[in-house]
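The values are calculated or read from the model by the stated rules, or taken from the named source; none is laboratory data. The structure displayed is predicted, hence computed values, not measured ones. Glycine also receives a Cβ, built like all others from the backbone with ideal geometry; neighbour counts cover every protein chain displayed. Accessible surface is based on the protein model in full, side chains and every heavy atom, while ligands, DNA and RNA are left aside. Shrake-Rupley method; radii C 1.70, N 1.55, O 1.52, S 1.80 Å.
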Number of protein chains: 2
Amino acid sequence: MTEVEAKKPQESLQDRLNQVVELLNKHKLVEDLAHRQEGQHQGLVENLVHRQNLAELQRKLDDLHPADIAHILESLPLDDRLTVWQLVKAERDGDILLEVSDAVRETLIADMDDHEILAAAKEMDADELADLAPELPRDVVHELMETLDAQQRERVRSALSYEEDQVGALMDFEMVTIRDDVSLEVVLRYLRRLKELPGHTDKLFVVDYDGVLKGVLPIKRLLVNDPDKDVAEVMATDPVTFQPDEDGYDAAQAFERYDLISAPVVDKNGKLIGRLTIDEMVDLIREESESEVLSMAGLREEEDIFASVWKSVRNRWTWLATNLITAFIASRVIGLFEGSIEKLVALAALMPIVAGIGGNSGNQTITMIVRAIALDQVQASNASRLLRKEVGVSLVNGLVWGGVIGIVAYYLYGNWELGLVMTAAMTLNLLLAAMAGVIIPMTLLRMGRDPAMGSSVLITAMTDSGGFFIFLGLATLFLM
Amino acid sequence: MTEVEAKKPQESLQDRLNQVVELLNKHKLVEDLAHRQEGQHQGLVENLVHRQNLAELQRKLDDLHPADIAHILESLPLDDRLTVWQLVKAERDGDILLEVSDAVRETLIADMDDHEILAAAKEMDADELADLAPELPRDVVHELMETLDAQQRERVRSALSYEEDQVGALMDFEMVTIRDDVSLEVVLRYLRRLKELPGHTDKLFVVDYDGVLKGVLPIKRLLVNDPDKDVAEVMATDPVTFQPDEDGYDAAQAFERYDLISAPVVDKNGKLIGRLTIDEMVDLIREESESEVLSMAGLREEEDIFASVWKSVRNRWTWLATNLITAFIASRVIGLFEGSIEKLVALAALMPIVAGIGGNSGNQTITMIVRAIALDQVQASNASRLLRKEVGVSLVNGLVWGGVIGIVAYYLYGNWELGLVMTAAMTLNLLLAAMAGVIIPMTLLRMGRDPAMGSSVLITAMTDSGGFFIFLGLATLFLM
């Protein structure tokens, strides 16, 4: 894709978004007027104002970086979004489509005809095409593949053969390769002939005649070393490399850890097949932490905040349904003790405290553990130690806060035994919360599932049912 | 700091961690034995084995990149962590301290004497020193400052004068500056004389005689253009720049948006004073999303997972105490309706369902909104639209799931009026959850507070008290 030099924004992004919204509102106001006076032969004037507004909006958009337009599109409700989208110059469509989130991209593509999609896609590189392909109509993809040369087509196919978070799907093909038996002077002359270097070129890839990677030549070394030296003398022979079937998130962590900007991807025989760059990795890091937040709250995927009600319902229903079942179980636990509640109605008022504090404390624990798992800090060998620590924390909290609430219960209901039961139940439920907070994510991990997945719903289910059972059970044993 | 070339890890990070843990366990086993047989004059043999194990561990550690050692230190409980820390070669201490999290750094520094700290700090750059300084003993910082030259000291002072997430605290000072009236050939010769370029040098900074930034020369352009051309012909005159008092997180978003690797920082007069690099920005992006997850769950800050029980209690108590108060309020709401519960004990069993589903649904909404705010997609102008959408979603969910649970309640208790009250209460509480889910974070934002802050605790408080009030209130009105 053509590279756009980012210019210093004169205004903040927020300002620019507000300006676009303002222009859109003007535009709608005029459209409203025009609509109301239709048939009154006054349309002409309004139409003119209307067009001026749109022209001003278009000028504004033409000045913006594609990433900024993408951000504006994401922040606009669907109708405004499409108005802006239609004003964007056709040759920038591709750049912008690559910048927006999947959910928003879908709404934009739905608004384009096949011809427009083809035009936007034609300027893309193989890896960009592969990113986009799964969301395009099947016949458009087919037509697109026809227009590519054999190498490009092969690259798109290869990228499509990997899962979207595998290295093979994340790599691009813009490598500058050199041989190791030439001098740096030759390399410098070769680069000059290229006229342009791919973005994020911080190193050149040194390959032999079979395309096998022999090392990398960091640009820094190229610049500071004597031009008469050979590449072989100066190159790094043991660079960090990746394989196409590696997990992209692991690669991102390596980029972060070793401060990489680009890195070669090689196949099993050591042949150079692509490269990873920091910009893709940053996107991945951001996405990963987003999906963690979302899945803890029981959302299936990133949601276009302006998605239709219907789409949102679908995105959220799985965990709501799960929650319905767990809430029903908690309700049946209470049902077991209806006799006790009838005798001592204070139990009904106090039981949500036990369950609620347990849920909150359990959520703190599980959030900690899910984070530590995501950062690879937790393994089987230290699980029991973590468990001991969390149990210690909950014991302290249970005795302190359980004690406080026990005293409050005594004052409210004048029943010191009730206060004692309250304190004991709080302590036990916090212990349960601590154990569940460690064991649930560790078990999900061992089962090969995402430990963040609905963890908040699961832990709350445990502490609700458990809390009701412990509190009402103790009350029935000691107070009835 | 000395730059370390990252080498291709032969084993995965996890493998390496496991190897270290294994060696540590061997070591402890022998120590245990030695301890038990003390005074039996057999200590000599054990001591030898013991030393061999440690030597093997040390060799292992010497092979690892500082970032990998940092990761291993983070993943070890305190006693093992300090054993490993003592084995690390003194000259690598500084690099490793800069890589670990704040919480873990504190435990490592606590284990070092002033002399060791000084030695580790002596190899650091001004910006790195400033990062570390707040956590060092006061007299060590003082002694350290004495050893610096005037420029370095000024830089440390300047970096320390900014908040830790402001650009001024994040920038480094390793800029390569050039003039615009020389040819590219001169620039190339100048770079060769430098022998080494700072990490992440993707552009050179073009300044005038007063140090005012006139543009940047991307290395890419330096390489592909004719060496006879002047810098002024080739440089980009309108680069993205930052000011030291800007928010670092905004800068990180700009890096992400415009795919930057480095960018100049200028003061109010346009004078070049430092530069930002992508590695610092990636750390910031990661930290930002982490602190969002943590603060939603009501944790004050990132916790060393092996922190003492006492430290963890302190980190978590604020929100637990808040939760205690909100749970108490919910309990008092139920207390208002004790008469109704006494008459119809089924209410006690059903009320947590209404509250629980409301809490879950509210958490989904608030997570969405907090995310959208973090991504700058939400502003006052579209708040009402979001509210309408969320209300729509909750209306659908309320009628569907409320209907289901109403029918279940009817079957359980044979009381169709109770079923209807259940459905109505569910729908109303989901509406409340939707509104609170939008309004709470928007209000926090307007008050200039962090919208993620304890949002989960706050929304649960609303849906608990609200759910109990709605359900028991409706029941009292229609069933008594």
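Below, the figures for the structure above:
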quantity: Cα→Cβ-extended label distance, 7 Å offset, between B:Glu164 and A:Glu163, nm; calculated: 3.5 nm
quantity: Gap separating the Cα centres of region B:245-281 and region B:183-224, nearest whole Å; calculated: 18 Å
quantity: Shielding score for B:389-401, defined as the mean number of other chain Cβ atoms within 10 Å; calculated: 4
quantity: DSSP bridge pairs, region B:177-296: antiparallel proportion in percent, nearest 5; calculated: 80 percent
quantity: Carbon and sulfur %, accessible surface of region B:309-479 computed with the full protein complex present, 1.4 Å; calculated: 70 percent
quantity: Nearest-0.05 FRET efficiency for B:Ser381 and B:Glu338, computed from C-beta distance (R0 41 Å); calculated: 0.35
quantity: Loop sites in region A:179-279: GluC sites (Glu not before Pro), DSSP, at most 15 other Cβ within 10 Å; calculated: A:Glu196
quantity: Solvent-accessible surface (1.4 angstrom probe) belonging to B:Lys89, in square angstrom, nearest 10; calculated: 80 Å²
quantity: Cα long-axis angle, helix B:43-63 against chain B (0 to 90 degrees, to the nearest 10); calculated: 90 degrees
quantity: Neighbouring partner chain Cβ atoms per residue of B:115-126, average, 10 Å criterion; calculated: 0
quantity: Three-way shape label, the protein assembly as shown, alpha-carbon gyration tensor, a/c 1.5; calculated: oblate
quantity: Gained length - B:Ile329 relative to B:Asn225, 0.36 nm times residue gap less alpha-carbon distance; calculated: 30.3 nm
quantity: Two-site FRET efficiency, B:Thr147 against B:Asp113, from Cβ-Cβ distance with R₀ of 30 Å, rounded to 0.05; calculated: 0.95
quantity: Mean shadow area of region B:177-296, taken as a quarter of the surface of its Cα convex hull (nm²); calculated: 8.3 nm²
quantity: Listed pairs A:Lys122/B:Lys220; A:Lys26/A:Lys89; A:Lys26/A:Lys122; A:Lys214/A:Lys268; A:Lys60/A:Lys195 exceeding 23 Å between Cα atoms; calculated: A:Lys122/B:Lys220; A:Lys26/A:Lys122; A:Lys60/A:Lys195
quantity: Loop-resident sites, region A:271-372, for GluC sites (Glu not before Pro), counting at most 16 other Cβ within 10 Å (DSSP); calculated: A:Glu301
quantity: Other protein chain Cβ atoms within 10 Å, averaged over every residue that makes up A:309-320; calculated: 5
quantity: Label-point gap, in nm, between B:Thr177 and B:Glu123 - each point 7 angstrom along Cα→Cβ; calculated: 2.9 nm
quantity: Theoretical ellipticity at 222 nm over chain A - DSSP helices of four or more residues, -39500 (n - 2.57) apiece, nearest 500; calculated: -22000 deg cm²/dmol
quantity: Net dipole in debye of chain A [+1 Lys, Arg Cβ; -1 Asp, Glu Cβ; about Cα centre; nearest 20]; calculated: 2160 debye
quantity: FRET efficiency for B:Met447 and B:Leu479, using Cβ-Cβ distance with R0 set to 56 Å, rounded to 0.05; calculated: 0.85
quantity: Heavy atoms of B:Leu160 accessible to a 1.4 Å probe, total area in Å² rounded to 10; calculated: 80 Å²
quantity: Region A:414-454-region A:361-401 distance, computed between alpha-carbon centres (Å); calculated: 11 Å
quantity: Degrees between helix A:13-36 axis and first principal axis of chain A (Cα, 0 to 90, nearest 10); calculated: 90 degrees
quantity: The protein assembly as shown - accessible surface per residue (Å², probe 1.4 Å); calculated: 43 Å²
quantity: DSSP-loop chymotrypsin sites (Phe, Trp or Tyr not before Pro) across region B:182-237, with at most 15 other Cβ within 10 angstrom; calculated: B:Tyr209
quantity: Projected-area mean, region A:309-479, by convex hull of Cα positions, square nanometres; calculated: 11.4 nm²
